[in-house]
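Contents: one structure, followed by commentary.
The values are calculated or read from the model by the stated rules, or taken from the named source; none is laboratory data. What you see is a predicted model, and the numbers here were worked out from it, not measured in a lab. We place every Cβ from the backbone using ideal geometry, glycine too, and count neighbours over all the protein chains shown. In case anyone asks, the SASA skips ligands and DNA or RNA and just uses the protein heavy atoms, side chains included. Shrake-Rupley method; radii C 1.70, N 1.55, O 1.52, S 1.80 Å.
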Amino acid sequence: MYEKELVQKVSQKYKTTNPYEIAKERGIIVLFEPLGSINGYFNTAFRQKFIHINDGLTEQVKLFTAAHELGHALLHPKANTPFLRKSTYLSVNRMEVEANRFAVHLLVSDHDLIDYQEYTVSQVASFLGWPEELVILR
């Protein structure tokens, strides 16, 4: 699983699993702004990378969104998913799943899973504060 290996490499290099700190170390600017119904997105303009996060989200959802968009920045730095969705027949679902897997590997450690191994997925999700679907991806 490539996402897990990338998370291990990045978290060891920067000595953190905090997506905001990793973005800062990589020179990616994180902006908080009103985005309506969109949680966030990643883009590059004039060779500068940006992660945009909806400022109306809860802190937990902002954190996941930052990790997800960081996944796009590292896994798909040149992809333009809005363009791909609108103008081609290519599926962007694979890229979204990969970014989600990157995010959950970054935010849910192996130690977390070991600590809660005798609990159900629902209980683990509740303990960690993440939706069950994301814990299942991990």
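If you check PHE42 against the conditions, is it of a type outside the set (Lys, Arg) and more than 12 Å from the chain's Cα centre (by Cα)? No: the conditions fail for PHE42. Can LYS86 be described as at pLDDT 95 or above, open to solvent by 30 Å² or more (accessible area, probe 1.4 Å) and either within 21 Å of GLU25 (Cβ to Cβ) or of a type in the set (Lys, Arg) (or both)? Considered against the rule, which asks whether it is at pLDDT 95 or above, open to solvent by 30 Å² or more (accessible area, probe 1.4 Å) and either within 21 Å of GLU25 (Cβ to Cβ) or of a type in the set (Lys, Arg) (or both), LYS86 comes out as no. Does region 107-127 hold any residues that are part of a helix (DSSP H, G or I) and either closer than 10 Å to ARG138 by Cβ or in contact with an Asp or Glu (Cβ under 7 Å, 6 or more places away or on another chain) (or both), and which are they? Listed by number, the residues that qualify are LEU107, ASP110, ASP112, LEU113, VAL121, SER122, VAL124, ALA125.
Listed conditions (1) open to solvent by 40 Å² or more (accessible area, probe 1.4 Å); (2) part of a helix (DSSP H, G or I) are all met by LEU6, apart from (1). Scanning region 97-112 for residues that are buried (at least 19 other Cβ atoms within 10 Å of the Cβ) and hydrophobic (A, V, I, L, M, F, W, C) yields ALA99, PHE102, ALA103, VAL104, LEU106, LEU107, VAL108.
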